[in-house]
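The values are calculated or read from the model by the stated rules, or taken from the named source; none is laboratory data. Small disclaimer: the values here were computed from a predicted structure and weren't measured. With ideal geometry, Cβ positions are generated from the backbone for all residues, glycine too; neighbour counts draw on all protein chains shown. Accessible surface is based on the protein model in full, side chains and every heavy atom, while ligands, DNA and RNA are left aside. Shrake-Rupley method; radii C 1.70, N 1.55, O 1.52, S 1.80 Å.
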Amino acid sequence: MFPVNAEDDRRYHHEEYSASIIENVFRDTIEQHQGNWNYDIKASDVADLVSGNTNLSNQSSVRRLLWRPLVTSQLDADRCDYLLRDSLHAGVSYGRYDLDRILATINLGLSESDDPVVAIEEGGWHAAEGLIIARYSMFTQVYFHHTRQALDHHVEQVLKELLINDYDRAEFPLPDVQGLEEYLKWDDWMVLGRIARDEAGEHGENIMNRTLYRSVYETGETPDEAEIQRFEEVSARLEELVAFVGNATRPWYSLGTQDLMIVPNDSQEPKRGRPLSEYSTIVGNMKSVEQRRIFVRPSDRDQARISLERIF
Amino acid sequence: MTDYNRDLMRLQLPLFLAHKLKEISPQYGKTVLMKMAYLLQEVYEVPLGYRFSLYTYGPYSSEVLADLDRSRYRGWVNVEYIEDEVGFQITLGQNAATLSELKDSFKSYEAEVEEVVENFGRFRAKELELRTTISYVWSKLGGPEEQKGNQVIESVSQLKPHFKKGEIQTALEELMEMGVVSLARK
């Protein structure tokens, strides 16, 4: 739902909106903050780190790229934070891991090409393993839960409906100064309020009345080729009963197990390390979650079940 | 191209390159795959749909490794960590399709893949990292082309201090001769 950037013909990414908010909305907060008096960090420095738009003709900006993995990588601050935060708010314990140990053992290592990378010391590899297991559990038990997946679909359709209603197209405003003001109106209060006022069409009603689309058929978490083939056949046989197909193949479901580098303890100089999967048998044998599900409208569920019984 | 076809092409890319680089690449692993995907998409305009951004280790997209994981779990490729080589090695898996079976997915871009393999297939990971970083930096820097060379060398040298400026210059000249730097998308 992000618009296309006319400069490079690609859709804007959420990080570009974050960077624009930092530069345009948080500028004074960052630059005038008492804690920043000694450092003189500019809002644009922070925005560049988030968006990856490094000023390549500025040497300090180029050197700052070393810290980019702390903002976006398998070990970035956001990922370390959201597992704990989501666990707390969802009332589950799956996402807990030893953050203190991760922070105590984080260090720099060298990649196979001798470039510096963010790594974990050997003494912290079990904490790193715990982080990967926590992510796996949260994906399978919370983020890819069938009810959450149905709600995801309804919310997406609601947003499309509301955007078309407001702007004649299912796209958010551009992340420029004018567009940003409009974009920032799209918070939870605004969208939920419009759903409550019956402005969000059929999918808004689905959310309000909890008549969510139902999952009637699913593969295992890591389906093999035969299972995927079977899924495609079932999907084709159910034809118009299929409301939408949910699958976990999007990149944020990737566990990124082999991106985590383990380096020798207390290394003063960055050293080449080994991947976590070489230390941990559990991580070494983990597979990406690629579960797929077929969802139908609640009114079609019985019909879908009858059709499935005929297929099997 | 449909999303399905693009997804299939991305899934099959590690295997397709494992076939193509079998006798050529001295070190076909994750880094080489990453840099080949970058060159194919950003320089030769094969629409893989990855989103690359710059890190100290050059242009990178986590989606490339996510697709490699998926390809590996299908048994299309093996990904093994080789201690002596300090890195991963990608080889044909037990369920690998033959090259001719794969050609359908890549038929519209066969010439581009051939060119990338011919021009870059012989390089080690470190050499490819340098060349793709130069390509990325060149594509992002503005200004007149004749003054750009020195600026690119300066920026890449800041980014990768373990390369001597002479090495960066040689690689840049090589890429200019191939016409690769001027092709990279802004």
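How would the stretch B:131-186 be classified by its alpha-carbon gyration tensor: rounded, prolate or oblate, with rounded meaning a/c under 1.5 and the a/b versus b/c comparison settling the rest? In terms of gyration-tensor shape, prolate. Sort out for me the Cα centre separation of the stretch B:114-186 from the stretch A:28-76, rounded to whole Å. Spelled out, the Cα-based centre of one part sits 25 Å from the other. Over all pairs of different C-alpha atoms, the protein assembly as shown has a mean inverse distance whose reciprocal, the Kirkwood radius, equals 24.9 Å. Note on the stretch B:84-173: Rg/Rh from C-alpha atoms, Kirkwood Rh, equals 1.09.
Kirkwood Rh over alpha-carbon pairs of the stretch A:1-69, then Stokes-Einstein at 20 °C and 1.002 mPa s: what D in µm² s⁻¹, rounded to an integer? The calculation lands on 163 µm²/s. Could you list the residues of the stretch A:268-312 with an amide nitrogen less than 19 Å from a label point located 7 Å from the Cα of residue A:205 in the Cα-to-C-beta direction? What the label zone holds, given the 19 Å backbone N cut-off, is A:296-302.
How high is the FRET efficiency between residue A:103 and residue A:60 when r is their beta carbon distance and R₀ equals 35 Å, given to the nearest 0.05?
Efficiency computed from Cβ-Cβ geometry: 0.85.
Along its principal axes, the stretch B:12-99 has C-alpha extents of 32, 29, 24 angstrom, given from the largest down. Only helices enter this figure: runs of n ≥ 4 DSSP H residues, each worth -39500 (n - 2.57), summed and divided by the residues of chain A, yield -13500 deg cm²/dmol at 222 nm to the nearest 500.
Note on residue A:14 and residue A:272: the extension gain reaches 89.6 nm, defined as 0.36 nm multiplied by sequence separation minus the Cα-Cα distance. Computed with a 1.4 angstrom probe on protein heavy atoms, the B-A interface buries about 3700 square angstrom of accessible area in total.
Pairwise inverse Cα distances across the stretch A:181-312, averaged and inverted, put the Kirkwood hydrodynamic radius at 19.0 Å.
Treating r as the C-beta distance of residue A:285 and residue A:148 and R0 as 22 Å, the FRET efficiency rounds to 0.25. Other protein chain C-beta atoms within 10 Å of residue C-beta, averaged over A:285-294: 2.
Can you classify the stretch A:213-252 as rounded, prolate or oblate using the Cα gyration tensor, where a ≥ b ≥ c are the square roots of its eigenvalues, rounded means a/c under 1.5, and otherwise it's prolate if a/b beats b/c and oblate if not? Since a/c reaches 1.5 but b/c is at least a/b, the shape of the stretch A:213-252 is classed as oblate.
Pairs of Lys residues in the stretch B:3-183 are counted when their Cα atoms are under 14 angstrom apart and they lie 8 or more places apart or on different chains; the count is 6.
Taking all Cα pairs closer than 8 Å and separated by 6 or more residues, the relative contact order of chain B comes to 26 percent. The relative contact order of the stretch B:119-186, computed from alpha carbon pairs under 8 Å that lie at least 6 residues apart in sequence, is 39 percent.
Placing +1 on the Cβ of every Lys and Arg and -1 on the Cβ of every Asp and Glu, with nothing else charged, gives chain B a dipole about its Cα centre of roughly 400 debye.
Our coupling estimate for the stretch A:20-25, obtained by passing each phi through the Karplus curve with A = 6.51, B = -1.76, C = 1.60 and θ = phi - 60°, is 5, 5, 4, 6, 9, 9 Hz, Gly and Pro reported as x. Distance between the pseudo-spin-label points of residue B:22 and residue A:93 (7 Å out from Cα toward the beta carbon): 5.2 nm. Note: relative contact order over the stretch A:1-69, using C-alpha pairs below 8 Å and six or more positions apart, is 25 percent. How big is D for the stretch B:3-183, in µm² s⁻¹ as a whole number, if Stokes-Einstein is applied with the Kirkwood radius of its Cα pairs at 4 °C and 1.567 mPa s? Value of D from the Cα-based Kirkwood radius: 77 µm²/s. On the basis of the beta-carbon distance and an R0 of 30 Å, residue A:28 and residue A:6 show a calculated FRET efficiency of 0.55. The magnitude of the dipole of chain A, with charges of +1 and -1 set on the Cβ of Lys/Arg and Asp/Glu and taken from the Cα centre, is near 800 debye. Placing unit charges on the Cβ atoms of the charged side chains and taking the dipole of the stretch A:1-131 about its Cα centre, the candidate lying farthest along the positive direction among A:97, A:113, A:51 is A:97.
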